[in-house]
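Q: Structure below; questions to follow.
The values are calculated or read from the model by the stated rules, or taken from the named source; none is laboratory data. Everything quoted here is computed from the prediction, not taken from an experiment. Cβ placement follows ideal geometry from the backbone for every residue including glycine, while neighbour counts extend to all protein chains displayed.
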Amino acid sequence: MKYLFANWKMSLSAEESVALAKEALGFKIPEDVELALFPSASAFSAVRDVVNGKLPLGAQDGYLDGATYALVGHSDRRATGDTDEAVAGKMKKAIEAGVIPVLCVGETKAERDAGKRDARIREQVVSALTGARVQKVFIAYEPVWAIGSGQNDIPGDTASAIAVIDAALKEAAPDASAVFLYGGSVNPQNVASYTHLPALGGVLVGKAGTSIATLRGTMEAM
Ligand code: PGA
């Protein structure tokens with residue numbers, strides 16, 4: 001199974017979210033692809049009502065009623081003050097609520113330039129998952145500098161980051177089963193270079209997930 005998670009952030013109004021969800025319901029989704037939508041909290045219940053269980057939904061920051069998934073530690077939230085400790089707290093709450101957490105990790109440009117990529121992503125995984133009673137977790141590697149910038153990571157670099165994350169997960173939560181995603185300026189043109197990496201189970205998209213053409217194009221190119 002390949003996962004396409006569309007994080008709509010605050011890009012769409014409730015009306016636009018409902019309209020795009022209706023379009024997505026009409027997509028011919030390949031059998032080996034799971035498309036999940038992550039509407040904003042204010043659009044969530046309206047989208048949930050139209051989707052009516054036919055597509056999985058996710059919350060953008062912790063638990064929402066009707067969500068299968070929950071993003072935890074997205075860089076937008078870390079940028080507005082979520083520390084590693086706060087992320088660990090949200091992780092526990094998501095697990096208790098019974099949603100599948102999608103932990104987001106990634107280094108800033110300054111951390112990468114200082115040679116601290118591996119140390120930073122390892123720290124984010126270990127702090128979020130040590131002691132968590134997690135059975136199934138998604139971990140999205142999203143370099144902060146690649147998000148919304150049009151500058152996607154080099155897939156070979158992504159593969160080495162995923163190896164670091166996998167090792168950290170085995171240390172922090174050895175019994176958890178994990179799916180690894182990449183996020184950061186993924187689009188229909190570059191998505192296959194990530195989904196073809198053997199260690200990756202899919203992608204988390206922001207901008208590309210917010211229009212019918214690019215959402216469908218990304219799905220079809222996976
Ligand atoms: P982007 O966002 O695809 O627009 O870079 C990714 C994300 O924030 O998850």
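Q: L181: within 16 Å of the ligand (Cβ to nearest atom) and within 16 Å of S75 (Cα to Cα), yes or no?
A: On the way: within 16 Å of the ligand (Cβ to nearest atom): yes; within 16 Å of S75 (Cα to Cα): yes.
So L181 fits the description; yes.
Q: Additional query: Can you go through G66, G89, G81, G58 and tell me which one is in contact with a strand residue (DSSP E or B) (Cβ under 7 Å, 6 or more places away or on another chain), not in a strand (DSSP E or B) and not aromatic (F, W, Y)?
A: Working: G89 fails: in contact with a strand residue (DSSP E or B) (Cβ under 7 Å, 6 or more places away or on another chain); G81 fails: in contact with a strand residue (DSSP E or B) (Cβ under 7 Å, 6 or more places away or on another chain); G58 fails: not in a strand (DSSP E or B).
Every option except G66 fails the conditions.
Q: While we're looking at this one, here's another question. What number of residues within the stretch 103-121 are in contact with a helix residue (DSSP H, G or I) (Cβ under 7 Å, 6 or more places away or on another chain), without any contact (Cβ under 8 Å) to a residue 40 or more places away in the chain and either polar (S, T, N, Q) or in a loop (DSSP other than H, G, I, E, B) (or both)?
A: 2
Q: Residue by residue through the stretch 122-158, note down the ones that are crowded, with 18+ Cβ neighbours inside 10 Å, assigned to a helix (DSSP H, G or I) and either more than 11 Å from the ligand (Cβ to nearest atom) or aliphatic (A, V, I, L, M) (or both).
A: Those that are crowded, with 18+ Cβ neighbours inside 10 Å, assigned to a helix (DSSP H, G or I) and either more than 11 Å from the ligand (Cβ to nearest atom) or aliphatic (A, V, I, L, M) (or both): R122, Q124, V125, S127, A128, L129, V144, A146, T158.
Q: While we're looking at this one, here's another question. Starting from residues that are crowded, with 19+ Cβ neighbours inside 10 Å and modelled with pLDDT of 95 or more, keep the ones in the stretch 61-72 and report whichever is farthest from the ligand (Cβ to nearest atom).
A: Applying the filter and picking the extreme gives A67.
Q: Same structure, new question: Every residue in the stretch 194-222 that is near the ligand (Cβ under 10 Å from one of its atoms) and in a loop (DSSP other than H, G, I, E, B), please.
A: G206
Q: Got a sec? Which of V51, V47, V72 is touching a residue at least 40 places away in the same chain (Cβ under 8 Å) and of a type in the set (A, V, I, L, M, F, W, C)? Reasoning before the result, please.
A: Details: V51 fails: touching a residue at least 40 places away in the same chain (Cβ under 8 Å); V47 fails: touching a residue at least 40 places away in the same chain (Cβ under 8 Å).
Only one candidate passes the filter, namely V72.
Q: Is it the case that the stretch 76-86 has a residue that's of a type in the set (G, A, S), at pLDDT below 95 and within 16 Å of the ligand (Cβ to nearest atom)?
A: yes
Q: Could I ask something else about it? Cβ-Cβ distance below 6 Å, separation of 6 or more or different chains: which pairs start in the stretch 165-190 with a residue that is assigned to a strand (DSSP E or B) and end on one that is of a type in the set (S, T, Y) and within 16 Å of the ligand (Cβ to nearest atom)?
A: Y182/Y141; Y182/T158; Y182/Y194
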